[in-house]
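Some notes on the structure that comes next.
Throughout, read-outs are computed from the coordinates displayed, never taken from laboratory work. As the structure is a prediction and not an experimental result, all values here were calculated from the model. Cβ atoms come from the backbone with ideal geometry, glycine included; neighbour counts cover every protein chain shown.
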Amino acid sequence: MGKIKCLNCGTELTMISNAACPACGIRLSHVKISFLAYLGPEDSLAGYQRSYKLVLLKSIFEECLSGNSPKVRTVADRFRAYYLRRKQNGLLIDKDVDSRIADIESSSLEDVFEVIKMNPYNAIRKQGFLKIDELNGVFVLQRGIDDLSNVELNNILILLREKLKLYYKKIGSEPSKMKLLKLFLPQKSKPSQRYLSGASR
Ligand SMILES: [Zn+2]
């Protein structure tokens, strides 16, 4: 399993390297390190039973990257759009998924927000990384991860998308590259298969 990486320069970090990244010198608060550890490396799905947490965080950080404070409504809208797009493209939505997500096209933003609150939001809030400012209707990230630069936001989004890809591959939705390649290969052509298995290493 890979290690967590600096969001600014991609260097692998150890839990001891708090205070600053040894490679680029960017400040690493205790909160930022804990959050990166919580997200986990791009090749790990430890701690993820569903896609919800990844999709919620992706929606929040996408809003941050577009320069907006992540309003609850807009984030719920992005969250809904993610699953709707999957469904429209004939992709698996998730496994053992809540009916409000399975039937996403007939779910209102309020329905979707109920799912968000019950599942991913509560889990992330318990860690202290996220809360909702009810008065202003916005998600508030914990101090230390509320001021990420655009480079860091971009890299966190790349990380979240990689993990989602891995997740859907694991639950058998996204075809692997090998499966796709095999579709285009003539059957029983041993030399090219040998070539392929060699090339894939
Ligand atoms: Zn760095």
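Some values worked out for this structure:
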quantity	calculated
Region 63-135: C-alpha gyration tensor shape, a/c 1.5 cut-off, then a/b vs b/c	prolate
Ranking of Asp94, Asp146 by count of other Cβ atoms within 10 Å, fewest first	Asp146, Asp94
Prolate/oblate/rounded label for region 12-116 (Cα gyration tensor, a/c 1.5)	prolate
Whole-Hz ³J(HN,Hα) from phi, Karplus 6.51 cos²θ - 1.76 cosθ + 1.60, for region 107-112, glycine and proline x	8, 7, 4, 5, 4, 5
Computed magnitude of the charge dipole of region 1-128 (debye, nearest 20; Cβ of K, R +1, Cβ of D, E -1)	300 debye
Cα shape, region 14-74, gyration tensor, a/c 1.5 rule	oblate
